[in-house]
Amino acid sequence: MVRQTHDIFYLLAIDTLEKDHLSIRNTDIAQKLAVSPSSVTKMLVKLEKQALISHSKNQIQLTERGKQIVDEFKWTYAD
C-alpha cells in the first residue's frame, strides 16, 4: 500500500514515462520529478520492496499492483 504522498508521484511519473519510452532509467524519473538520481534510487528500492515496480539496471516498470494503484488514484482524483 502506498503510505506516503510522494510515493504516488513516483508511480505516476513511471506510468507517464512508460507511455513515452521503451525503457525508463533513474535519470528519466529524476528529470521528470526534478529530484536527484540518488533520491530516485532510494525510492525505487522502497517501491520494489512493496512490489509496486520491477527494477533492473536499465528498465523500470510498474507491476500489476503498481498499475492498479495508479489507476485507482486516477479514478479517484479524475476531474
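The values are calculated or read from the model by the stated rules, or taken from the named source; none is laboratory data. The shown structure was predicted, so the numbers you read here are calculated from the model rather than taken from an experiment. Note that each Cβ is placed from the backbone with ideal geometry, even for glycine, and that neighbours are counted across all protein chains shown.
Here are some notes:
Listed here are the residues, each with its yes/no results for (1) surrounded by fewer than 18 Cβ atoms within 10 Å (Cβ to Cβ); (2) charged (D, E, K, R); (3) at pLDDT 95 or above.
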site: Asp20; (1), (2), (3): yes, yes, no
site: Thr27; (1), (2), (3): yes, no, no
site: Leu33; (1), (2), (3): yes, no, yes
site: Leu47; (1), (2), (3): no, no, yes
site: Ser54; (1), (2), (3): yes, no, yes
site: Gln59; (1), (2), (3): yes, no, no
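- Check on Asp28, charged (D, E, K, R), more than 14 Å from Gln68 (Cα to Cα) and within 12 Å of the chain's Cα centre (by Cα): yes
- Scope segment 36-55; condition part of a helix (DSSP H, G or I), closer than 14 Å to Gly66 by Cβ and either in contact with an Asp or Glu (Cβ under 9 Å, 6 or more places away or on another chain) or of a type in the set (Lys, Arg) (or both); matching residues: Met43, Lys46, Leu47, Lys49
- Residue in segment 20-35 that is assigned to a helix (DSSP H, G or I), on the phi < 0 side of the Ramachandran plot and touching a Gly at 6+ places or on another chain (Cβ under 7 Å) present: no
- Cβ-Cβ distances below 7 Å connect the following pairs, each with a first residue in segment 8-24 that is among the charged types (D, E, K, R), a second residue that is crowded, with 18+ Cβ neighbours inside 10 Å and in a helix (DSSP H, G or I), and a separation of six or more residues or different chains: Asp15/Val70.
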